[in-house]
Amino acid sequence: MKKNNIITLNQFISDQQNQFPFVKGSLSKIFRDIQLAAKMINRDVRKAGLIDVLGNFGETNIQGEEQKKLDVISNDVFLKLMDFGGDCVCVVSEENDDIHWCPNGADAKYILAIDPLDGSSNIDVNASIGSIFSIYKRLSPDKPVSKEDILQKGTAQVAAGYVIYGTATMLVYTTGNGVNGFTLDDSIQEFCLSHPDIKTPETGTIFSLNEGNLNEFPQGVIDYIAWCKESNKEEQRPYSARYIGSLIADFHRNLLKGGIYLYPSTAKAPNGKLRLLYECNPMAFLVEQAGGKATNGSIRIMEIEPTDLHQRSPIIIGSNNMVNKVIEMLG
Ligand code: AHG
């Protein structure tokens, strides 16, 4: 990239359309709407302490988790834009019990899966949070959309990405041809290419997990964490522990610097905590495109057969060598 050469996300997508024709048409329109959703959510996140959007909404979502006001607002933003755009036949969201059918999208080709605002427990304390998206193509345009269209393996994703509302707001995405990151320039309200062709280091020195649950993790994970803490100058161990409890923030740091994020099964949550469709698959697609790896401990995340919209999965994701070491220790 030439210095001072500003490439907006829209320009980047339009350039990509010549190289990868499948990005043309509806898919690029969905990206336009995701960008707009990101800007609208960003606006509310940035002044969350000033307008009445902090705190709980007063209801729980399908997973029994308390919904924050901003969770609900962000979900509405995505749904309204997709309804209006008509480029998605339906949206599945972490915040909705069931499939949301887009009224203008009966003939549309794409299905959108979203976690509209992940890490919402961090909203009230002004820490980084994110929106996650994943796009699938419906199986047959001639048949009505069924659960099989929605419950496709992660390998079928045509695009995935996230928006991180951090010290800066960034949109990072893949369509299967590498990973690119765009920083929102507030002054012109455009996402501009800032992190072209992101590659994650083969090995890092950061491990991220909720160590409070350590005693409940599988023995291989307990052994791995003990290994991370051992001294070994050559291998730069002990590694650093970094965990904010907001997947996007932890993932984004590890993606850029090299590291590993683990949310394994626990006695309380035998299938882990994170959702396959809204969190694990999109992150797995991104990390693999950046040269890293994602597993549930025994199989590749993107090979898991989904059986339920809100299914959870254990996840171990990050730099190749680090994920391989956990797999080895899990035996
Ligand atoms: P939520 O959106 O309900 O705050 O969940 C956040 C997710 C994920 O972003 C984060 O990494 C993980 O849950 C943190 O869970 P623990 O608090 O159990 O560590």
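Within the range 265-286, residues that are within 17 Å of Ala159 (Cβ to Cβ) reach partners that are of a type in the set (D, E, K, R) with beta carbons closer than 6 Å, at six or more positions or on different chains, in the pairs Tyr278/Glu94; Tyr278/Asp115; Glu279/Asp115. Within the range 114-128, residues that are more than 20 Å from Arg275 (Cα to Cα) sit with their Cβ atoms under 9 Å from residues that are assigned to a strand (DSSP E or B) and modelled with pLDDT under 90, at 6+ positions apart or across chains, in these pairs: Asp124/Lys68. Test Lys69 against the criterion of being among the charged types (D, E, K, R), more than 15 Å from the ligand (Cβ to nearest atom) and either at pLDDT below 95 or not assigned by TED's automatic domain parsing to the domain that holds Tyr243 (or both), and give yes or no. Judged against the criteria, Lys69 is not a match.
The residues in the range 160-203 that are surrounded by fewer than 24 Cβ atoms within 10 Å (Cβ to Cβ), among the small types (Gly, Ala, Ser), at negative phi and touching a residue at least 60 places away in the same chain (Cβ under 8 Å) can be counted, and the count is 1.
Each residue in the range 76-96 was checked for being free of Cβ contacts under 8 Å to residues at least 60 places away in the same chain and either within 16 Å of the ligand (Cβ to nearest atom) or not in a strand (DSSP E or B) (or both), and 13 of them qualify.
Please work out if Gly245 is surrounded by fewer than 16 Cβ atoms within 10 Å (Cβ to Cβ) and within 15 Å of the chain's Cα centre (by Cα). Yes; evaluated as a whole, the condition is true for this residue.
Taking the range 266-292 as the search range and keeping residues that are polar (S, T, N, Q) and within 15 Å of the ligand (Cβ to nearest atom), which one is surrounded by the fewest Cβ atoms within 10 Å (Cβ to Cβ)? Looking at residues that are polar (S, T, N, Q) and within 15 Å of the ligand (Cβ to nearest atom), I get Asn271. Taking every residue in the range 217-246 that is of a type outside the set (A, V, I, L, M, F, W, C) and pairing it with any residue that is within 16 Å of the ligand (Cβ to nearest atom) and part of a strand (DSSP E or B), at least 6 positions away or on another chain, the pairs with Cβ-Cβ distances below 6 Å are Tyr239/Phe207; Ser240/Ile206; Arg242/Ile206; Arg242/Ser208; Tyr243/Ser208; Ser246/Ile129.
The values are calculated or read from the model by the stated rules, or taken from the named source; none is laboratory data. Note that the coordinates shown come from a computational prediction; the quantities given were computed from them, not determined experimentally. All Cβ positions, glycine included, derive from the backbone under ideal geometry; neighbour counts span all protein chains shown.
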